[in-house]
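Undergrad: The following block contains the structure, expressed as structure tokens.
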Amino acid sequence: MHLTSPEALKRLKSQLVRQRKENKSVITVCAGTGCVACGCAAVSAAFREALKENHLEEKVEIKTTGCHGFCERGPLVVMRPEGIFYQRVKPADAKQIVEKTIKQGKVIEKLLYRDPQTKQLLTYEKDIPFYNKQERLIFGMNGHMDPTSIQDYITLGGYQALGRVLVSVHPDEVIEEVKKSGLRGRGGGGFSTGRKWASCRQAEGEPKYIICNADEGDPGAFMDRSLLEGNPHAVVEGMIIGAYAIGSHDGYVYVRNEYPLAVKNLNIALAAAREYGLLGADILGSGFSFDITVSRGGGAFVCGESTALMASLEGKIGEPRAKYIHTVECGLWEKPSTLNNVETWANVPTIIEKGADWYRKIGTENSKGTKVFALTGKVNNTGLVEVPMGIPLREIIFDIGGGILDGRAFKAVQTGGPSGGCLPESALNLPVDFDTLTEAGSMMGSGGLIVMDDRTCMVDVAKYFIHFLLEESCGKCVPCREGLRQLHEMLEEISRGEGGVGTLDGIERLCSVMEQGSLCALGRSAPNPVMSTLRYFRDEYLAHLEAHRCPAGVCKALINYSVIEENCTGCVVCKRACPAEAITGEKNQVHKINSEICTRCGICLAVCKFDAILVE
Amino acid sequence: MQLTIDKRSVVARKGEYLLEVAQRNGIEIPALCHHPAVEPWGGCRLCMVEITHPDWKGWTGLVTACLYPVQDGLIVSTDTKKVHQVRAGVLDLLLARCPGSSLIQNLARQYGIEETSFTPRKAPDLCILCGLCIRICEKIGASAISSIGRGVEKLVSVPYETVATAACVGCLSCANICPTGAIAFSESEHCRTIWSRNFELVRCEECKAVIGTPEQLEHFARRSGLDRSYFTKCDSCRNREAAARFVRVTF
Amino acid sequence: MKQLFVTPNRCTACRNCEVACSFVHTSDPTVLAFPRVRAYAISENTNTVNLCLQCDDAACKKSCPVEALVWNAKTGALEVDLGRCIRCLMCTIACPFGNIHFDKRTNEIAKCDLCQGDPACAKFCPTLALEYAEKPSPDPKPGEVKPLPPIPWMLFTGKQSR
């Protein structure tokens, strides 16, 4: 099918909507990467089999969709139109679901979700706190469509914004609308998208390039992946609108090769868009031409930095270059280039479709719209959450996230990826937006949220992130490369209880050199994990340095494992589990840990059922 | 256009960078990864200067002079407290990386650092990863060496860290441009060795002085468009021959 | 534009020019720079100097990989930009007249730069074998000074404005 005008697109949409039977039962099986890992393919196959056995293939549709976000509970199955939500579904459950829920309309209790706070069983997706506190502007379509079907996207209103723009909106007006919407770059920089587009449009030089940054590298963050896997057309449509506004005819998506499903679904989407006349020459008969090339990255964290990404696209070593001359003027192949993150591009069709005024109503004064966060760590509900800007961190962690795992105490939340910072309890009421997080010493980054409980050592956390950055620094500039080496060395010393109080002054001096001296934003923000933990958890550093103690009981050189005699029942479980054979004691007698042999692996603590292991 | 560097008014052309303008005016800014023969790179971070502008409402910034394009009215200070701090920090770090480099030792001393305050690298070499060797090799058209790996593991080498491929012409440009003398090479009677590869030596047809490797002379003849016969004798022998020829044609 | 003229039959190979050149091209008085001009006694009564011809289509310039040889528009001399030069020495091999050298003592490429328009060699030439002028001076008339043989040919250097 080749659409030659926006009217043809509209007609196709109405036709598809008519064809879609409103009350037809649909079993949606989440097929995001998380659920694929949990075995959702076998679940879909089991449903197909069960429908066949019951001769329901014609009446019930199975839809494998993109990520729903609640990865913690996968594989997820949602029965539509009712919206019954089943979690951790196994292939063996398929038969029962078809026979009970589909044929008899009965809910299967053992597959329902139990709220960890209220202990209540919840039947419908809309009642689950994880979902109902979210505002799913960008992510909403994921659970309703097959990402490999362009028809699904069109049915849900996709490409209509593009159609309208191409015939009736001048490029300058598109840019004005995006400017007015207040959209800011979701990749971490937070620069005004509209202003970026305007500078690129005005920049001299041809051709101009459009680039989508899908080189998501933050540990634990996977929103861009889920968007590309679950709704690639939204990103593609955003890019075409951007290209029209800027006057570009060549686009690139730079995506990590570690995201095979994203690459696959994106390529399917691009091929379909070309077939439908939405991409390529003379889009929808408007005379405007634009095409997109997919370029796969080798998985270097630094290639998420715009200039390093462009160098990599050019076939060079992925190293950043100075941005004194902006990439909107001199970017890819030294031509004007507009680079935006996946999530930013995915916002564009919605803004055009619903208008900047509507969009501006969501969010805070200077941060508009929603943001997708990857919520992980010691929270009950982990997964992807999309919330309006300005929501307090507390709501994300305790309402959507369902609180801290095992009922322990909250200690800190790490935002913004490896070069973000750790915020303490006192920051929990801060509204989440670009500027507030930066002021608090962290950053929005690409949207990682790692929750930590009281058993987390902040020196150890800082060391972990510095080690990550140490391995991922490109090594081009001295402050980042050599600074991270030394910073890691200093943190190692602290976690061994070595070094004096002067170590902290040394760290602060070094951090300042790195912040001011590094070439790219990654180097300049690399000290953040240390600076923010020093700012909020200085006492913990001092405990290591002065008292040679690790209060959280993590740093191995500073802790000892012992048996609390009153609690020990002599059950020998720990003795058997100890890989170092450091535990002695006969059955029914109090055990002992030989601290010289003990490797502080923590297995005894994990297996003891009587709270008889003490770490101090 | 006109700008001010250390309270001196200097003239610059559009498209120039701060460092070249400063150098032209005899204003010293230290730099390790800069060389006029190759494109500026911005890796060593030593040429940091502080800039401001009458229109910037008091805002000042630290930038690398080698890459910052000149701008009319710009006010540049090359020796502020901030500049000093960053340069000293960078040199302190470099001294921990290459404690044996006399170049780094001397520079560090100028910034009051006798000994690094950091932990010196175990088994240090002299390479500061300024990338000059890689860029000059690319500039002469060989591209035989590159950086390998990233971050603290990064090093300069030939593909797969083995022996230089046929791309290397044995011209020694990399070793000659290296500011710390980190690239080893040797030359004996018949053989030049660099990047673990042995090169034959071509000698002057008259006096037998070494004039290069066959690959090097071939490469430079090709890239300059000159006939290979231009590259057969040393300058002294050529000079004497030419003098005799002049005399023949003038008397 | 003034040019540096060489009149070989006036040359006595006294090497004053070499010494003058060495002196002006060194900043360290204890180190003599490599002379850019060389005097040769070719045979009995046949002497000459040899120095850079400032060729229009210079082989040294062509062989340079980093564009370190640049014309000085004021003097017409082809000069070495020592800041740019990477000491690959290919210019010293490429010059068919051997007039561009590598000075090991100073680690510099040594080439005639016409002393920025005031060549020392010419000033110190006692016999007018080297002259920096618009045109070479005529031979002295008999009796004026010790008679010299007539000049059958003149070598001229200096970039010609063709």
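The values are calculated or read from the model by the stated rules, or taken from the named source; none is laboratory data. None of these values were measured; they are calculated from a predicted model. In this analysis, Cβ positions are derived from the backbone assuming ideal geometry, glycine residues included, and neighbour counts consider all displayed protein chains. Ligands, DNA and RNA are excluded from the accessible area calculation, which covers all protein heavy atoms including side chains. Shrake-Rupley method; radii C 1.70, N 1.55, O 1.52, S 1.80 Å.
Undergrad: Between B:L103 and A:R164, what's the calculated FRET efficiency when r is the beta-carbon distance and R0 is 51 Å? Round to 0.05.
TA: 0.20
Undergrad: Can you tell me the order of B:80-93, C:123-136 when each peptide is scored by its average per-residue count of other Cβ atoms within 10 angstrom, highest first?
TA: The densest-packed peptide leads the list: B:80-93, C:123-136.
Undergrad: Continuing with the same structure: Over the alpha carbons of the range B:2-79, what is the largest minus smallest coordinate on each principal axis, giving the biggest first in Å?
TA: Rounded to whole Å, the extents work out to 34, 21, 20 Å.
Undergrad: Another question about this same structure. Principal axis extents for the range A:238-328, Cα atoms only, whole Å, descending order, please.
TA: So the extents along the principal axes, rounded to whole Å, are 40, 33, 19.
Undergrad: Ignore the peptide's own chain and count Cβ atoms of other chains within 10 Å of each Cβ in B:92-102; give me the average, rounded.
TA: Mean number of neighbouring Cβ atoms from other chains: 3.
Undergrad: Given a 1.4 Å probe and heavy atoms of the protein chains only, how would you sort A:S532, A:S562, B:S102, largest accessible area at the top?
TA: From most exposed to least exposed: B:S102, A:S562, A:S532.
Undergrad: Next question, about the same structure. Write down the Kirkwood hydrodynamic radius of the range B:167-251, to one decimal in angstroms, obtained as one divided by the mean of 1/r over all alpha carbon pairs.
TA: 14.6
Undergrad: When the chain is fully extended, how far beyond the present Cα-Cα distance does A:N567 get from A:D611, taking 0.36 nm per residue of separation?
TA: 15.2 nm
Undergrad: Residues of B:112-119, mean number of Cβ from any other protein chain within 10 Å of their own Cβ, rounded to a whole number?
TA: Taking the mean over all residues of the peptide, I get 3.
Undergrad: Moving on to the next point. Give me, ordered by chain and number, the residues 5 or more places off A:G390 or on other chains with an amide H under 5 Å from its own placed amide H.
TA: Amide H neighbours of A:G390, under 5 Å, 5+ apart: A:V432, A:D433.
Undergrad: Compute a Gaussian network model of chain B, connecting alpha carbons closer than 10 Å, and tell me which residue from B:A65, B:A184, B:A144 fluctuates the most.
TA: The residue with the greatest mean-square fluctuation here is B:A184.
Undergrad: Which peptide among A:307-313, A:228-234 comes first, and what is the full order, when sorted by highest mean count of other Cβ atoms within 10 Å?
TA: Order by mean packing, descending: A:228-234, A:307-313.
Undergrad: Right, next: Work from the charge dipole of chain A (Cβ charges, +1 for Lys and Arg, -1 for Asp and Glu, about the Cα centre) and give the residue of A:V478, A:T64, A:N257 farthest towards its positive end.
TA: It is A:T64.
Undergrad: Choose one of A:A94, A:H233, B:C33: the residue whose Cα lies farthest towards the positive end of the charge dipole of the protein assembly as shown (beta-carbon charges +1 Lys, Arg; -1 Asp, Glu; about the Cα centre).
TA: Farthest towards the positive pole: A:H233.
Undergrad: Based on the Cα gyration tensor of the range B:201-251, what are the three equivalent ellipsoid semi-axes, each the root of five times an eigenvalue, rounded to whole Å and given largest first?
TA: In descending order the semi-axes read 24, 14, 6 Å.
Undergrad: Kirkwood Rh over alpha-carbon pairs of the range A:370-456, then Stokes-Einstein at 4 °C and 1.567 mPa s: what D in µm² s⁻¹, rounded to an integer?
TA: 105
Undergrad: As a test of the formula, what do you get for chain B when each DSSP H run with n ≥ 4 contributes -39,500 (n - 2.57) and the sum is divided by the residue count, at 222 nm and rounded to the nearest 500 deg cm²/dmol?
TA: It lands at -8500 deg cm²/dmol.
Undergrad: Further question on the same structure: At q = 0.18, 0.25 Å⁻¹, what is the log10 ratio I(q)/I(0) for the range A:24-129, with the Debye formula run over Cα points and no solvent?
TA: Scattering profile of the range A:24-129, log10 relative to I(0): -0.80, -1.51.
Undergrad: What dipole magnitude, in Debye to the nearest 20, does chain A give about its Cα centre under +1 on Lys/Arg Cβ and -1 on Asp/Glu Cβ?
TA: Charge dipole, chain A, about its Cα centre: 1520 debye, nearest 20.
Undergrad: How many angstrom lie between the C-alpha centres of the range A:359-413 and the range B:35-87?
TA: 40
Undergrad: Same structure again: Quickly estimate the mean residue ellipticity at 222 nm for chain A, helices only: each DSSP H run with n ≥ 4 gives -39500 (n - 2.57), and the total goes over all residues, rounded to 500.
TA: Value at 222 nm, helices only: -11000 deg cm²/dmol.
Undergrad: A further question follows. Can you give me the Cα centroid spacing of the range A:22-97 and the range A:254-308 in angstrom?
TA: Cα centroid to Cα centroid, the span is 29 Å.
Undergrad: Give me the angle, in degrees from 0 to 90, between the Cα long axis of helix A:502-517 and the longest principal axis of the Cα atoms of chain A, rounded to the nearest 10.
TA: With both axes taken from Cα atoms, the answer is about 20 degrees.
Undergrad: Here's something else I'd like to know. Between helix A:171-181 and chain A, what is the angle of the helix's C-alpha long axis to the longest principal axis, kept within 0 to 90° and rounded to the nearest 10?
TA: The helix A:171-181 is inclined about 40 degrees to chain A.
Undergrad: When the distances between all Cα atoms of chain B are binned every 10 Å from zero, what whole-number percent does each bin get?
TA: Histogramming chain B at 10 Å steps yields 7, 23, 25, 22, 16, 6, 1, 0 percent.
Undergrad: Follow-up. Ignoring ligands, DNA and RNA and using a 1.4 Å probe, state the total buried accessible area between B and A in Å², rounded to the nearest 100.
TA: Chains B and A together bury roughly 2600 Å² of accessible area.
Undergrad: Quick one: angle between helix A:232-246 and the longest Cα principal axis of chain A, in degrees between 0 and 90, rounded to 10, please.
TA: For A:232-246 against chain A, the angle is about 60 degrees.
Undergrad: Sorted by accessible area (1.4 Å probe), largest first, how do A:E305, A:E515 line up?
TA: Result of the area sort, largest leading: A:E515, A:E305.
Undergrad: Can you list the GluC sites (Glu not before Pro) in the range B:32-115 that are in a DSSP coil and have 14 or fewer other beta carbons within 10 angstrom?
TA: Answer by residue number: B:E114, B:E115.
Undergrad: Can you give the percent of C-alpha pairs in chain C whose distance is more than 20 Å?
TA: In whole percent, the share of Cα-Cα pairs in chain C beyond 20 Å is 51.
Undergrad: Another question about this same structure. Taking 8 Å as the Cα distance limit and 6 or more residues as the minimum spacing, I'd like the relative contact order of chain A as a percentage.
TA: 12
Undergrad: Another question, if that's okay. For each pair in B:K139/B:K208; A:K95/A:K126; A:K126/A:K361, compute the distance between the two Cα atoms and list the pairs where it is over 27 Å.
TA: Result: B:K139/B:K208 exceed 27 Å.
Undergrad: For the full complex of protein chains and a 1.4 angstrom probe, list A:T293, C:T75 by accessible area with the highest value first.
TA: Highest to lowest solvent-accessible surface, that is A:T293, C:T75.
Undergrad: Let me ask something additional. Over the protein assembly as shown, one equal point on each Cα, no solvent: what is log10 I(q)/I(0) by the Debye formula at q = 0.05, 0.08, 0.10 Å⁻¹?
TA: -0.45, -0.95, -1.26
Undergrad: If you don't mind, another one. For chain A, what is Rg from Cα atoms divided by 2.2 N^0.38 Å, rounded to two decimals?
TA: Relative to the 2.2 N^0.38 Å estimate, chain A comes out at 1.05.
Undergrad: So, how do all the Cα-to-Cα distances of the range A:277-423 break down into 5 Å bins, in percent, from 0 on up?
TA: Binned Cα distances yield the sequence 2, 7, 11, 13, 14, 15, 16, 11, 6, 3, 1, 0, 0.
Undergrad: Further question: With charges set only on the Cβ (+1 for Lys and Arg, -1 for Asp and Glu), what does the dipole of the protein assembly as shown come to about its Cα centre, in debye to the nearest 20?
TA: Charge dipole of the protein assembly as shown: 1260 debye, to the nearest 20.
Undergrad: Another question, then. About the Cα centre, and with charges only on the beta carbon of Lys, Arg (+1) and Asp, Glu (-1), how big is the dipole of the range B:2-79? Nearest 20 debye, please.
TA: I would put it at about 100 debye.
Undergrad: Between the range A:513-535 and the range C:70-125, how far is it from one alpha carbon centroid to the other, in angstrom?
TA: The distance from the Cα centre of the range A:513-535 to that of the range C:70-125 comes to 48 Å.
Undergrad: When N counts the residues of the range C:42-110, how does its alpha-carbon radius of gyration compare numerically with 2.2 N^0.38 Å, as a ratio?
TA: 1.21
Undergrad: Sort A:403-415, B:128-140 for me by packing, meaning the mean count of neighbouring Cβ atoms within 10 Å per residue, highest on top.
TA: Highest-to-lowest ranking by the protection proxy: B:128-140, A:403-415.
Undergrad: Taking beta carbons within 10 Å but only from partner chains, what does the mean come to for residues C:48-55?
TA: Per residue, the average neighbour count from other chains is 3.
Undergrad: Tell me the per residue accessible area of the protein assembly as shown using a 1.4 Å probe; a whole number in Å² is fine.
TA: Per-residue value: 43 Å².
Undergrad: Also, quick follow-up: Return the equivalent ellipsoid semi-axes of the range A:560-615 as a descending list in whole Å, where each equals the square root of 5 times an eigenvalue of the C-alpha gyration tensor.
TA: 15, 11, 10
Undergrad: Along Cα→Cβ, 7 Å out, is where each label goes; now give me the distance between the ones at C:D28 and B:A123 in nm to one decimal.
TA: 3.7
Undergrad: Expressed as cubic angstrom per residue, what is the convex hull volume of the alpha carbon set of the range B:127-185?
TA: 78
Undergrad: Something else now. Give me the one-decimal nm value for the distance between modelled label points at C:N45 and B:V163, 7 Å along each residue's Cα-to-Cβ direction.
TA: Placing both labels 7 Å beyond Cα along the Cβ direction yields 6.1 nm.
Undergrad: Can I ask one more? 222 nm [θ] for chain C, helices only, -39500 (n - 2.57) per DSSP H run of 4+, per residue, to 500?
TA: Theoretical 222 nm ellipticity from helices: -3000 deg cm²/dmol.
Undergrad: Could you pull out the chymotrypsin sites (Phe, Trp or Tyr not before Pro) across the range B:1-107 that fall in loop regions by DSSP (anything but H, G, I, E, B) with no more than 10 other Cβ atoms inside 10 Å?
TA: Answer by residue number: B:W59.
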